[in-house]
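Visitor: Submitted below is the structure of interest, expressed as structure tokens.
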Amino acid sequence: MTNTIKIRQADERDWAGLEACFDELQSFELSIEPNRAEPSLIRNAYIRGLFDECTKSSGAIFVAEISNRVIGFVCVLSRLDSEDILERDREHAYVTDLVVLEPYRKAGIASELMRVAEAHAFSSGARRLRVGVLAANSGAHNLYRKLGYRDQAIVVEKTLG
């Protein structure tokens, strides 16, 4: 890639680019997890929800762009409480989404987006960062492990009936 990749905080002007990234992520997740909604049915509400949650939790959405085109994003919610009475230290930050459009993968963009998300969470007071990943998404799971994350909990599910 000859163009320079720029990472910056997203705003409402990035809506179309966020939608394109969300559609790609949700379509991929739907291919590995049948209990995922069709992207076109939820994209607007989902992205609106990300901006709203960021406002409530000192969070942020960061976009990666090339030539003013959004090619990926990460959303980090910086101040959350797990509300799990079993945990001694319940406050944490949480990455809701990380996506890089397919033609731009394997270039370190996802790692850089995570670095920016981690820095934002830390500057907002978080000392732990959690990320959810679908069990079948081995590529994402491997990336998070490479970046120093460890498996903290595993949820198993069975369809009944």
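Visitor: Regarding residue 8, is this residue over 13 Å from residue 73 (Cβ atoms) and of a type outside the set (Ser, Thr, Tyr)?
Guide: No: the conditions fail for residue 8.
Visitor: Those residues that are over 14 Å from the mean Cα position of the chain (by Cα) and surrounded by 13 or more Cβ atoms within 10 Å (Cβ to Cβ), I need them from region 38-55; list them, please.
Guide: Hits for region 38-55 are 39, 42, 43.
Visitor: Where residues in region 81-99 are crowded, with 20+ Cβ neighbours inside 10 Å, free of Cβ contacts under 8 Å to residues at least 60 places away in the same chain and of a type in the set (A, V, I, L, M), which of them is nearest to residue 131 (Cα to Cα)?
Guide: 95
Visitor: Please find, within region 108-136, the residue that is nearest to residue 33 (Cα to Cα) out of those that are surrounded by fewer than 16 Cβ atoms within 10 Å (Cβ to Cβ) and at pLDDT 95 or above.
Guide: Once the filter is applied, the top-ranked residue is 111.
Visitor: If only one of 61, 71 is over 22 Å from residue 149 (Cα atoms), modelled with pLDDT of 95 or more and crowded, with 21+ Cβ neighbours inside 10 Å, which one is it?
Guide: 71 is the lone residue from the list that is over 22 Å from residue 149 (Cα atoms), modelled with pLDDT of 95 or more and crowded, with 21+ Cβ neighbours inside 10 Å.
Visitor: In region 1-36, how many residues are part of a loop (DSSP other than H, G, I, E, B), out of contact with any strand residue (DSSP E or B) (no Cβ under 8 Å at 6 or more places or on another chain) and surrounded by 13 or more Cβ atoms within 10 Å (Cβ to Cβ)?
Guide: Total meeting the criteria: 2.
Visitor: Something else now. Looking only at region 104-161, which residues are assigned to a loop (DSSP other than H, G, I, E, B), within 13 Å of the chain's Cα centre (by Cα) and touching a residue at least 40 places away in the same chain (Cβ under 8 Å)?
Guide: The one that is assigned to a loop (DSSP other than H, G, I, E, B), within 13 Å of the chain's Cα centre (by Cα) and touching a residue at least 40 places away in the same chain (Cβ under 8 Å): 134.
The values are calculated or read from the model by the stated rules, or taken from the named source; none is laboratory data. All values reported here derive from a predicted model rather than from experimental measurement. Cβ: placed from backbone, ideal geometry, glycine included. Neighbour counts: every protein chain shown.
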